[in-house]
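Q: Right, I'll just put the structure down here and ask away after.
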Amino acid sequence: MNIHEYQAKELFSKYGIAVPAGKAAQSADDFESALNSINGDVVVVKSQIHAGGRGKGTFTSGFKGGVKVLPRTEAIEVAGKMLGNTLVTHQTGPEGREVKTVYFTEASDIQKEYYLAILLDRASSRPVIIASTEGGVDIETVAEESPEKIIRVIIDPATGIMPFHKRLIAFGLGFSDKNQLKQLDKLLSGLYKMFWETDASMVEINPLITTPAGDILALDAKVNFDSNALFRHPEIVALRDLGEEDPKEVKASDTGLSYIALDGNIACLVNGAGLAMATMDIIKHFGGNPANFLDVGGGANADQVTEAFKIILSDPNVKGILVNIFGGIMSCKTIADGIIEAAKNVEINVPLVVRLEGNSVAEGKQALSDSGLALTPADSLSDAAQKIVKLVAEAN
Ligand code: ADP
Ligand code: MG
């Protein structure tokens, strides 16, 4: 789960990480009071969307820049050009994202921009601190073009962040001033503590800056949380902005389904994540493209299956559906009932291939054939995949 920059900075403040003062506004009526709460003749107006690259982004209106450093007198007018408009950045895709919140923040004098992040290193299964003197730019580009400029320090979760870790980062970034070393020490401890306590999968500051006065500040903030740990963080769930998420995915998670929308046109309805992955692989293998990952789970009921069909069919890209169920805990009859129920509620107007195997498979198949539903039964996984790929190709 992602949160906005302004929310991430509130968390930063709680963990003692220095950020410029700022205030968010969701409506134009609140611009003035938000602006009045910060100081300076120069201020920064920042579009809040769950995507990076805002500074270099362009609005579909033609207005350039989702982050603007400008005289205080121009802030409200520029905020008006952001709010309610669609910002396109290299991370949003061409459709862009509508800006529903604008953040007013104090402008900092930048001496140098750095990059700092903590994330989970999958290779070592440990938190890793990534730092670079090349901040304010795309870190992926730095990693490709000058990998030697990226510092990686792996932390043993049993000890947490230790003084030597912090020294490696500080000297790697070229800090030597005593006051700055102290600030960086505090910042790294706070950031690690936040990463750990909130079950974050990533905390990223790009740029982290030094000012001519010698201060170290986080000018941007991106935080990602492990969704599997959200049950123990109601205060973080409260920060969730459903407007930034795919409505189909929101609906699915409300129903207890694991659903991720993809780019293809063959929808999959499967039980179990492993089987869902295998189903997507085999669709690809036979030349098709999956429209989604949808795992109804091991113990889905007919209502959830109905809901799954509704979610799938609300995606205009879907040109065919492959149901692939291995009845273990769940009986194939339940799935069959769900499909029949769904067909009563929503019109299934695309080819449907159903492959059932396992627990109560005979009852399931019988129920489907008794229902008179127009569907293509399949026996094996490869048979099913070939059939749906062929049907979709013929229909389009
Ligand atoms: P994004 O990464 O989405 O483009 P940032 O918050 O990193 O957004 O802002 C882009 C650039 O704008 C930063 O690299 C920095 O140079 C400048 N900037 C952002 N916030 C401030 C600020 N408070 N004071 C001065 N410059 C800022
Ligand atoms: Mg940034």
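Read-outs throughout are calculated quantities, based only on the coordinates presented, and are distinct from any laboratory measurement. Fair warning: this is a prediction, and the values are worked out from it, not measured in the lab. Cβ atoms come from the backbone with ideal geometry, glycine included; neighbour counts cover every protein chain shown.
Q: Given axes a ≥ b ≥ c from the Cα gyration tensor, I'd like to know whether region 246-395 is rounded (a/c under 1.5), prolate (a/b larger than b/c) or oblate.
A: Numbers: a/c = 1.27, a/b = 1.08, b/c = 1.18.
In terms of gyration-tensor shape, rounded.
Q: Continuing with the same structure: May I ask for the net charge around ASN301, where only other residues with Cβ less than 12 Å from the Cβ of ASN301 are counted and Lys, Arg are +1 while Asp, Glu are -1? The partial results should precede the final answer.
A: Numbers: positive: LYS333; negative: ASP303, GLU307, ASP337, GLU341.
Result for the local shell: -3.
Q: Let me ask another. Loop only by DSSP, 14 or fewer other Cβ within 10 Å of the Cβ. Give me the trypsin sites (Lys or Arg not before Pro) in region 45-96 that pass, ordered by residue number. Walk me through the numbers before you get to the answer.
A: Details: sites: LYS46, ARG54, LYS56, LYS64, LYS68, ARG72, LYS81; in loops: ARG54, LYS56.
Loop-located and lightly packed - LYS56.
Q: Given the Cα-Cα distance of ASP379 and LEU70 and 0.36 nm per residue of separation, how much length would full extension add, in nm?
A: On the way: separation 309, 0.36 × 309 = 111.24 nm, distance 6.49 nm.
Value of the extension gain: 104.7 nm.
Q: Shape verdict for the chain, please, from the Cα gyration tensor: rounded (a/c under 1.5), prolate (a/b greater than b/c) or oblate. Don't skip to the answer; put the middle values down first.
A: Working: a/c = 2.63, a/b = 1.91, b/c = 1.37.
It comes out prolate by the Cα gyration axes.
Q: Still on this structure, I have one more. Work through the residues other than ALA395 whose Cβ is under 15 Å from its Cβ and net out their charges, Lys, Arg +1 and Asp, Glu -1.
A: On the way: positive: LYS319, LYS387, LYS390; negative: GLU394.
That sum, taken over residues with Cβ under 15 Å, equals +2.
Q: In addition: Rank the residues LEU322, LEU191 as a footprinting-exposure proxy: fewest other Cβ atoms within 10 Å of their Cβ go first. Show your work: numbers first, answer last.
A: On the way: LEU322 31, LEU191 25.
Ordered by Cβ neighbours within 10 Å, fewest first: LEU191, LEU322.
Q: With both bridge residues required to lie in the chain, what share of the DSSP beta bridges run antiparallel, to the nearest 5%?
A: On the way: 51 of 68 bridges.
Given both bridge residues lie in the chain, the antiparallel proportion sits at roughly 75 percent.
Q: How charged is the neighbourhood of ALA117? Take every other residue with its Cβ under 9 Å from the Cβ of ALA117, and add Lys/Arg as +1 and Asp/Glu as -1.
A: Values: positive: LYS222; negative: GLU204.
Charge balance in the 9 Å sphere: 0.
Q: For the chain, set up a Gaussian network in which alpha carbons nearer than 10 Å are linked by springs, and say which option among THR60, THR376, THR159 fluctuates the most.
A: Highest fluctuation of the listed residues: THR159.
Q: Would you order PHE175, PHE164, PHE309 from fewest to most other beta-carbon atoms within 10 Å of each residue's own beta-carbon? Please report the intermediate quantities before stating the final value.
A: Numbers: PHE175 19, PHE164 9, PHE309 24.
Least crowded to most crowded, the residues run PHE164, PHE175, PHE309.
Q: With runs of 4+ DSSP H residues as the only contributors, calculate the mean residue ellipticity of the chain at 222 nm using -39,500 (n - 2.57) per run, divided by the residue total and rounded to the nearest 500.
A: Rounded to the nearest 500, the figure is -10500 deg cm²/dmol.
Q: Counting other C-beta atoms within 10 Å, which of THR92, THR211, THR133, THR73 has the fewest, and how do the rest follow? Show your work: numbers first, answer last.
A: Working: THR92 19, THR211 13, THR133 16, THR73 9.
Least crowded to most crowded, the residues run THR73, THR211, THR133, THR92.
Q: Enumerate the lysines that LYS284 could reach by cross-link, defined here as Cα to Cα under 21 Å, with residues fewer than 8 away along the same chain left out.
A: LYS319, LYS387, LYS390
Q: Moving on. Which of the GluC sites (Glu not before Pro) across region 338-396 are loop residues per DSSP, with 11 or fewer other Cβ within 10 Å? Before the final figure, lay out the partial values.
A: Details: sites: GLU341, GLU347, GLU357, GLU363, GLU394; in loops: GLU347.
Answer in residue order: GLU347.
Q: Which entries of LYS14/LYS178; LYS46/LYS222; LYS23/LYS100; LYS9/LYS68; LYS68/LYS100 show an alpha-carbon separation above 20 angstrom in the structure shown?
A: On the way: LYS14/LYS178 24 Å; LYS46/LYS222 14 Å; LYS23/LYS100 14 Å; LYS9/LYS68 18 Å; LYS68/LYS100 16 Å.
Too far apart for the 20 Å limit: LYS14/LYS178.
Q: Okay, next question. Pull up the cross-link candidates among the lysines for LYS365, meaning alpha carbon to alpha carbon under 17 Å and not fewer than 8 places away within one chain.
A: Leaving aside lysines fewer than 8 places away in the same chain, those within reach of LYS365 are LYS333.
Q: Using DSSP to define loop residues, name the GluC sites (Glu not before Pro) in region 180-289 whose beta-carbon has at most 15 other beta-carbon atoms within 10 Å.
A: Working: sites: GLU197, GLU204, GLU235, GLU244, GLU245, GLU249; in loops: GLU245.
Counting only loop positions with at most 15 other Cβ atoms within 10 Å, the GluC sites (Glu not before Pro) in region 180-289 are GLU245.
Q: Quick check: the distance between the Cα centres of region 2-81 and region 367-390, to the nearest angstrom?
A: Going from one Cα centre to the other spans 53 Å.
Q: Which one, TYR192, THR210, VAL353, projects farthest toward the positive side of the charge dipole computed for the chain from Cβ point charges (K/R +1, D/E -1)?
A: Sorting the options by dipole projection puts first THR210.
Q: Once each part is reduced to its C-alpha centroid, what is the distance from region 334-360 to region 251-326 in angstrom?
A: Here the two parts' Cα centres lie 12 Å apart.
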